[in-house]
Amino acid sequence: MHRFSPALFRFATWKSIFALICLLGVCGQARAQPRSVWIDTDVAIGSPLRDVDDAFALIAAWNSPELRVAGISTTYGNASLARTTKIARELSRRFGNAETIHPGAENANDSILSSPATTALIAASKKERITYLALGPLTNLAGALRVDPSLTSRLHGVIAV
């Protein structure tokens, strides 16, 4: 049996609640159409990390009638890019609605590089205005803005948690 630190649980719970408030807060009043969101995450759950807040936010977004997940990009932060991408794909397989996961930045210096995440974000923003929800470092957004500075006019807003 694993021991879970009460202090870590309180922090993870607080951050999860804040992420949910942000997710649902972008919706405002009832809408005829769900708001499209792009979620950038450094999701890391399981051994050795027990950081559940990003996973909780992803599952809530997939199940919210007020939100439509336009895409999910992964980034370094709570774990390596390979690990965050693997976890995001597993969560999508179990709880999502077959959304494609786009790997992004491996480190802070990747903001000068194009990645599957930056390419997919730019493409999604050309189809519809989206709200960008950053649950991890903003490196993928910085990279997308370097590639396509006009992206700012296609974003409904940016929420950084």
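How many residues does region 42-61 contain that are in a helix (DSSP H, G or I) and touching a strand residue (DSSP E or B) at 6+ places or on another chain (Cβ under 6 Å)?
The qualifying residues number 2.
I'd like to check something: does region 141-149 contain any residue that is touching a residue at least 40 places away in the same chain (Cβ under 8 Å) and buried (at least 16 other Cβ atoms within 10 Å of the Cβ)?
Residues of region 141-149 touching a residue at least 40 places away in the same chain (Cβ under 8 Å): 141.
Filter once more, so that each one left must be buried (at least 16 other Cβ atoms within 10 Å of the Cβ): 141.
Taking every residue of region 141-149 in turn, at least one turns out to be touching a residue at least 40 places away in the same chain (Cβ under 8 Å) and buried (at least 16 other Cβ atoms within 10 Å of the Cβ).
I'd like the full set of residues that are in contact (Cβ under 8 Å) with a residue 40 or more places away in the chain and surrounded by 23 or more Cβ atoms within 10 Å (Cβ to Cβ), limited to region 81-92. Step through it out loud before you land on a result.
At the first step, the residues of region 81-92 found to be in contact (Cβ under 8 Å) with a residue 40 or more places away in the chain are 84, 87-88, 91.
Result: 84, 87, 88.
Working only within region 93-129, note down all residues that are surrounded by fewer than 23 Cβ atoms within 10 Å (Cβ to Cβ) and touching a His at 6+ places or on another chain (Cβ under 6 Å).
116, 120, 129
Please verify whether region 117-130 includes one or more residues that are over 29 Å from residue 32 (Cβ atoms), touching a helix residue (DSSP H, G or I) at 6+ places or on another chain (Cβ under 7 Å) and not charged (D, E, K, R).
Going through region 117-130, the residues over 29 Å from residue 32 (Cβ atoms) turn out to be 117-119.
This time we only want the ones that are touching a helix residue (DSSP H, G or I) at 6+ places or on another chain (Cβ under 7 Å), so: 117-118.
Next cut, not charged (D, E, K, R) only: 117-118.
Looking through region 117-130, at least one residue is over 29 Å from residue 32 (Cβ atoms), touching a helix residue (DSSP H, G or I) at 6+ places or on another chain (Cβ under 7 Å) and not charged (D, E, K, R).
Rule-based calculations on the coordinates, nothing more; no lab input. What you see is a predicted model; the values in this text were computed from it and never measured. Quick reminder, even Gly has a Cβ in these numbers, built from the backbone with ideal geometry, and neighbours come from all protein chains shown.
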